[in-house]
Structure formats: C-alpha cells, structure tokens
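Worksheet: one structure, shown below.
The values are calculated or read from the model by the stated rules, or taken from the named source; none is laboratory data. None of the values given here were measured: they were computed from a predicted structure. A quick note on method: Cβ atoms are made from the backbone with ideal geometry, for glycine too, and the neighbour counts reach across all protein chains shown.
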Amino acid sequence: MILLHKNLMIIKLNHLKKVRKLILDFLKKFEETSEVNNWSNKHKVKLIGKYLKGNAKFWFEDLLKTNYWLVKDFSKNAKDII
C-alpha cells in the first residue's frame, strides 16, 4: 500500500513538472510575441485571456475580479480573535 502511494506521488510530481513546463513555454512565447508586436502591459492583459483555456481561463478571469486585502486595510487596533 505504501508503494502504491509513493508511485502515485511520483506520477503527480512528474505531471506537475510537465504542466509547469507547458505554462512557462506558453508565457515565454506570449512574451516574445508581445515584444515583436510592441504590446504595452495593458494590451497584454487584455489579450492574454483570449489565449487561455479551461482552468487557466477561469483562474485569470477570477483574478481580475478579486479584491486583495492590504495591510493598510486593517486597523492598527485590531485584536486577535483567538
């Protein structure tokens, strides 16, 4: 049983390495294309969503809607709940 678990972990790790490489390859090609076409960062943000699919597209679209909390958003007098 432990051997099966280790094999699954190796498969997952290898899969993650492949996914990471695909992501980095995509970003490199996108950046190269943006340089050739002289795209501004604002233009790149508008365009990149058109090239994403599946979970990547969902994540990116959700990212644009997310409001992140900053340290300045918290009161200096805040107390721990615990």
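General observations
- Of all residues in the range 40-68, those that are free of Cβ contacts under 8 Å to residues at least 24 places away in the same chain and under 20 Å from V19 (Cα atoms) have Cβ atoms under 6 Å from Cβ atoms of residues that are of a type in the set (A, V, I, L, M) and surrounded by 10 or more Cβ atoms within 10 Å (Cβ to Cβ), 6 or more apart or on another chain, in F60/L52.
- Considering S40, S34, the condition of being exposed (fewer than 10 other Cβ atoms within 10 Å of the Cβ), at pLDDT 85 or above and hydroxyl-bearing (S, T, Y) is satisfied by S40 alone.
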